[in-house]
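The values are calculated or read from the model by the stated rules, or taken from the named source; none is laboratory data. What you see is a predicted model, and the numbers here were worked out from it, not measured in a lab. Backbone-built Cβ (ideal geometry, glycine too); neighbour counts: all protein chains shown. To get the accessible areas, we keep the full protein, side chains included, count just its heavy atoms, and leave off ligands, DNA and RNA. Shrake-Rupley method; radii C 1.70, N 1.55, O 1.52, S 1.80 Å.
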Amino acid sequence: MEPRNQTGTSEFILLGLSEEAEVQPLIFGIFLSMYLVTFIGNLFIILAIITNSHLHTPMYFFLSNLSFADICFTSSTIPKMLLNIQMQSKVISYEGCLSQIYFFMVFGRLDNFLLTMMAYDRFVAICYPLHYTVIMNPKICGLLLLKSYLLSVLDSLLHDLMILRLSFCTQLEIPHFFCELNQVVQLACSDTFLNDLVMYIANGFLVIIPLTGIILSYSKIVSSILKISSAGGKYKAFSTCGSHLSVVSLFYGTFLGVYLSSAATQSSRKTAIASVMYTVVTPMLNPFIYSLRNRDIKLALKKLFSCKTLSI
């Protein structure tokens, strides 16, 4: 195959989850339902936190941003997939593919950073309760969020710029339902060593280090909880971080599961199906985890719905 540079590449082909025509309406219905549940569920979490002054704390400040990131994360991939199924097309433009990679990575990285900041917040609240308001003051929280956005944007921009240097072959089929960075790089005819190196280094710094921070935070939290004498005190301390721990386990469990399975299998289509877990299912379940396991969120949602009912 003759290589051609990026100026000659006008579009990619997204093969999706299945090539069987009779299955497409079912896939459309399932993914539309999951997207709407994700969008509405996370939107209600944001509105509940904004409208309830009791939730204007660092933990819920980060949670509202996590819900916003989850909405944008799924919106970077699912609408295009649904549009392609509706239009009976598998095409995505070169520019559209780069944009999808960029926004998918921005909000994926942001999810990662926000979960780390929420773990640190719980660590300070449980291990240093008397210094909590000083350490987790609004200025510090704002700076942490700003740095997270900047790192996410710069990292995603770097990967997009690295793709621009590649030459692509004539066969531009992506065995996925969205433009996943690794899949796009594998289509290149030119040398991808530098791209692969940047991906490994970025994942090392921006995924492994935050995950290590979460693990260390929770090891300190568990150690502090075990020192509490009363069973009621232990339960109360652990209940404040139970929802976050569930979300962390779901996010990293599905994410690492997909990438470990992709290393073990040669089937890109199976990897694409498995990636549905962390790209769609996890953002959809997050609002349910927080609303069912967190008493403050449940009360805020009840208040929000009661206000809406009265206004109607």
MRE, 222 nm, helices only [DSSP H, n ≥ 4, -39500 (n - 2.57), over the chain, to nearest 500]: -24500 deg cm²/dmol
Residue order for Asp196, Asp111 - accessible surface, 1.4 angstrom probe, largest first: Asp196, Asp111
Apportionment of accessible area to carbon and sulfur, the range 132-266, percent (1.4 Å): 71 percent
Nearest-20 debye value, the chain charge dipole, Cβ charges on Lys, Arg, Asp, Glu: 1620 debye
Listed residues Leu154, Phe177, Leu36: farthest to the positive end of the dipole of the chain (Cβ charges): Leu36
Segment Cys127-Val281, extension gain: residue separation times 0.36 nm, minus the distance between their alpha carbons: 52.2 nm
Order of exposure, largest accessible area first, which applies to Cys189, Cys241 with probe 1.4 Å: Cys189, Cys241
Cα-projected label distance for Ile208 with Glu173, points at 7 Å along beta-carbon direction, nm: 3.5 nm
Sequence-separation-based contact order of the chain, relative, with Cα cut under 8 Å and 6+ spacing, percent: 29 percent
Solvent-accessible surface (1.4 angstrom probe) belonging to Met81, in square angstrom, nearest 10: 10 Å²
Length-normalised contact order of the range 35-116 in % [C-alpha pairs under 8 Å, at least 6 apart]: 35 percent
Where labels lie 7 Å past Cα in the beta-carbon direction, separation of Leu216 and Lys303 in nm: 3.6 nm
Distance in nm between pseudo-label sites at Ile140 and Ser99 (7 Å out along the Cβ direction from Cα): 4.0 nm
Spatially close lysines, pair count over the chain: Cα under 26 Å, gap of eight or more or interchain: 14
Ile201-Phe238 FRET efficiency (beta carbon distance; Förster radius 30 Å; 0.05 resolution): 0.25
Residue-normalised accessible area of the chain, expressed per residue, 1.4 Å probe, Å²: 51 Å²
Whole-angstrom gap from the range 268-298 to the range 57-89, using each part's C-alpha centre: 12 Å
